[in-house]
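Peer 1: Just passing along the structure, written as structure tokens.
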Ligand SMILES: Nc1ncnc2c1ncn2[C@@H]1O[C@H](COP(=O)(O)OP(=O)(O)OP(=O)(O)O)[C@@H](O)[C@H]1O
Ligand SMILES: [Mg+2]
């Protein structure tokens, strides 16, 4: 039987200050890591989950984003007539769209931020099957009406239902809020295609065409057909891939965050190690005595590992408590491809919390390993002779 | 009579390597101790008294020689087996008590029993009995810092006898105590020897303490003087 857990707990509570300081250090590291995981998780979710697997997004060749792509209306009819397009109520599932960017004032940022405006026909809305209107109604044809994504509604000034937004040639009534399940569309403003075309004087030149293929084979065929049509000078990207590429703009943030977390983690490991070395040194005679009583080197090792683990678990708990207020907090990140901002939530899922606690345990175990091994290996005689 | 030999050490040598020097702690030591004896070891500082005790307790190994305790050849035991053997057969008492400060008297005494198959209930009973034997039934839930030096040493004795070992080894058990507490400790040790048949080997600097033993052996410069030799100056 190993030494009782109460022995470890009491040893930790006896030196309260050291224990708390070390745990706090570990806690801060865990908090930073959890913050980063939550941020990365929210970003990934916002960008990756966007798109339907059978959707082809057709843009001008070599366009990095819809914003810089141009397609004229003739090309749209040519695409509409290609084989392999799924039908809905006798109509091909094709949505020609215009995407532009405007600057809107934001809460706590008077300079505002860039927001994507998407003009699309009713079919475009029907093709985005996972989104739902959570407030108000859809815009009506011929009216200066918009529906805003839920991130926009929350984070921008005068962007709620009943409010008026000013862009283009005048005011627009906000008539609805859409929830696209935390995808990129939650950070867009949607308006009728023709309304936007008139307002921005873009009757002939659109941005992109979204097409739904009837099956994966047709999707491939459509993609090839678009690419092969030399006159059009267009290319089709799978919608899913398109948004996946946009995620790359979050890479530097992720990298920096993880870099900081790793450095802090190494620091915390050393802090735990330092604390445990001090504990082992202070209790040398105690260790010698336990060995004389018949406890093996292994049980001494175990005792100090457990102590270090308990210490770091306390740290993990502190870390989780520190980031708890961040849960559900919204923020945004600029995207250098679409020149606009994508909103996302900090989400503290149970998995992320578990990761934080697991991370703390690893720091504790790594930090405790050398001191505990030293304690277990020291000869009984030299341990007893220490004062 | 041969079966009653508790300690049989032949030609014991112990050397320590200290930096470039060889320190000889024990040389040519022959020692036999009968069951039920109470032997006091005396000698100047550095004469090897503790070293001898550690070897008999299976805490340390001799550099050369043979040592049999309770019929068991200690040199045959591996590290882990030595630990188990100590737990079962040896009660060790230190000059500095060496109680675990974060544990109560009862928990300290129970420690050796954690390595046995006794149930929680049985462990508690054994610990209570041992503490009763040293007269500390009313101090079971006290922490070491709440006890006097003499009381701490009595808890340490309770811890040494709780698993009912046949041998008690004590390294200057009264060295840190005032005269009265020392007397209490010696009385307890004598009683353990006389009433409970424990074989006791005790190192001491104090001639008064040594008088409680049935036999006094002297060490000098690592050598055990012959039995009955006159006390060296
Ligand atoms: N672990 C060790 N490393 C090096 N030398 C040691 C060690 N243990 C003991 N010695 C040396 O061996 C010799 C005998 O030491 P030992 O502790 O057995 O003496 P002692 O008779 O118990 O002395 P004291 O009365 O001071 O306790 C001394 O010279 C001591 O310095
Ligand atoms: Mg000594």
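Each value in this text was obtained by applying a stated rule to the coordinates, not by laboratory testing. Only a predicted model underlies this, so the values are computations on that prediction, with no experimental measurement involved. When we count neighbours, we look across all protein chains shown, and the Cβ atoms used for this are built from the backbone with ideal geometry, even at glycine.
Peer 1: With the Cα gyration tensor of the stretch A:151-298 in hand, convert its eigenvalues to equivalent ellipsoid semi-axes via √(5λ) and list them largest first in whole Å. Spell out each step's value before the answer.
Peer 2: On the way: eigenvalues 738, 137, 40 Å².
Taking √(5λ) for each eigenvalue gives 61, 26, 14 Å, largest first.
Peer 1: Sticking with this one: Using alpha carbons only, how many degrees (0 to 90, rounded to 10) separate the axis of helix A:297-323 from the longest principal axis of chain A?
Peer 2: It works out to around 40 degrees.
Peer 1: Compute the angle between helix A:16-48 and the longest alpha-carbon principal axis of chain A, please, reported from 0 to 90 degrees and rounded to the nearest 10.
Peer 2: The angle comes out at about 20 degrees.
Peer 1: Could you tell me the convex hull volume per residue, in Å³, taken over the Cα atoms of the stretch B:1-144?
Peer 2: Values: hull volume 23.5 nm³, N = 144.
Hull volume over Cα atoms, normalised by residue count, gives 163 Å³.
Peer 1: With the convex hull built on the Cα atoms of the stretch B:124-223, state its orientation-averaged projected area in nm².
Peer 2: Details: hull surface 28.1 nm².
Its average projected convex-hull area is 7.0 nm².
Peer 1: While we're looking at this one, here's another question. Helix-only estimate, please: 222 nm mean residue ellipticity of chain A, summing -39500 (n - 2.57) across DSSP H runs of length 4 or more and dividing by its residues, to the nearest 500.
Peer 2: Working: 13 runs with 195 residues, N = 387.
Helices in chain A give a 222 nm mean residue ellipticity of -16500 deg cm²/dmol.
Peer 1: May I pose another question? Assuming R0 = 51 Å, what is the FRET efficiency of residue B:195 and residue A:266, from their Cβ-Cβ distance, to the nearest 0.05? Working shown, then result.
Peer 2: Values: r = 61 Å, r/R0 = 1.19.
It comes out at approximately 0.25.
Peer 1: Further question on the same structure: Rg and Dmax of the stretch A:63-182, Cα atoms, in Å?
Peer 2: Gyration radius and largest Cα-Cα distance of the stretch A:63-182: 16.0, 50 Å.
Peer 1: Starting from 0.36 nm per residue, how many nanometres of slack lie between residue A:6 and residue A:255 once their C-alpha separation is accounted for? Don't skip to the answer; put the middle values down first.
Peer 2: Values: separation 249, 0.36 × 249 = 89.64 nm, distance 4.14 nm.
So the extension gain works out to 85.5 nm.
Peer 1: Would you mind checking the tilt of helix A:5-14 against the longest principal axis of the Cα atoms of chain A, expressed as 0 to 90 degrees and rounded to 10?
Peer 2: 90 degrees
Peer 1: Report the dimensions of the stretch A:1-110 along its three principal axes from the alpha-carbon atoms, largest first, rounded to Å.
Peer 2: 80, 47, 28
Peer 1: Now for a separate question. So which residue, out of A:82, A:254, A:150, gets the largest mean-square fluctuation from a GNM of chain A using Cα contacts under 10 Å as springs?
Peer 2: So, out of A:82, A:254, A:150, the one fluctuating most is A:82.
Peer 1: Could you identify which residue out of A:278, A:213, A:153 has the top mean-square fluctuation in a GNM of chain A using Cα springs shorter than 10 Å?
Peer 2: Comparing A:278, A:213, A:153 in the GNM, the peak value goes to A:278.
Peer 1: Could I ask something else about it? Would you tell me the mean number of C-beta atoms belonging to other protein chains that fall within 10 Å of each C-beta in B:110-123, as a whole number? The partial results should precede the final answer.
Peer 2: Numbers: counts 1, 8, 5, 2, 9, 7, 2, 1, 1, 0, 0, 0, 0, 1.
Rounded to a whole number, the mean comes out at 3.
Peer 1: Among the DSSP beta bridges whose two residues both lie in chain B, what percent are antiparallel, rounded to the nearest 5? Can you show the working numbers first?
Peer 2: Details: 19 of 36 bridges.
Of those bridges, close to 55 percent are antiparallel.
Peer 1: I want the antiparallel fraction of DSSP beta bridges within the protein assembly as shown, as a percent rounded to 5. Display every interim value, and only then the final one.
Peer 2: Details: 62 of 89 bridges.
Here the share of antiparallel DSSP bridges comes out near 70 percent.
Peer 1: Using only the alpha carbon atoms of chain A, find the Kirkwood hydrodynamic radius as the inverse mean reciprocal pair distance, in angstroms to one decimal. Kindly include the intermediate steps, with their values, before the conclusion.
Peer 2: Numbers: mean 1/r = 0.0408 Å⁻¹.
Kirkwood radius, chain A: 24.5 Å.
Peer 1: For the stretch A:277-323, what number results from the quotient of the Cα radius of gyration and 2.2 N^0.38 Å?
Peer 2: 1.48
Peer 1: How long are the semi-axes of the equivalent ellipsoid of the stretch A:152-206, taking √(5λ) for every eigenvalue λ of the Cα gyration tensor, in whole Å from largest down?
Peer 2: Details: eigenvalues 92, 45, 14 Å².
Gyration-tensor ellipsoid for the stretch A:152-206: 21, 15, 8 Å.
Peer 1: Then there is this: How many Å³ per residue does the convex hull of the Cα positions in the stretch B:17-56 occupy? Intermediate values should be presented prior to the final figure.
Peer 2: On the way: hull volume 3.3 nm³, N = 40.
So the per-residue Cα hull volume is 81 Å³.
Peer 1: Sticking with this structure for a sec: What is the Cα radius of gyration of the stretch B:119-167 over 2.2 N^0.38 Å, N being its residue count? Each step should come with its number before you reach the end.
Peer 2: Numbers: Rg = 10.7 Å, N = 49, 2.2 N^0.38 = 9.7 Å.
Its radius of gyration relative to the 2.2 N^0.38 Å reference: 1.11.
Peer 1: log10 I(q)/I(0), Debye, Cα-only the stretch B:60-147, no solvent, q = 0.15, 0.20, 0.25 Å⁻¹?
Peer 2: Taken in order of the listed q values, log10 I(q)/I(0) reads -0.70, -1.01, -1.28.
Peer 1: For residue B:214 and residue B:24, what is the calculated FRET efficiency with R₀ set at 35 Å and r taken between the beta-carbons, to the nearest 0.05? Could you put the intermediate results ahead of the total?
Peer 2: Numbers: r = 29 Å, r/R0 = 0.84.
Calculated value: 0.75.
Peer 1: Could you tell me the extents of the stretch A:168-240's C-alpha atoms along the three principal axes, largest first, rounded to whole Å?
Peer 2: Principal axes ranked by extent give 43, 32, 17 Å for the Cα atoms.
Peer 1: Apply 1/(1 + (r/R0)^6) to the Cβ-Cβ distance of residue B:116 and residue A:351, taking R0 = 30 Å, and write down the FRET efficiency to the nearest 0.05.
Peer 2: Efficiency at R0 = 30 Å is approximately 0.10.
Peer 1: Then there is this: Return the Rg/Rh ratio of the stretch A:225-332 with Cα-based radii and a Kirkwood Rh. If you can, show how the numbers build up before the last one.
Peer 2: Details: Rg = 26.7 Å, Rh = 19.6 Å.
Rg/Rh: 1.36.
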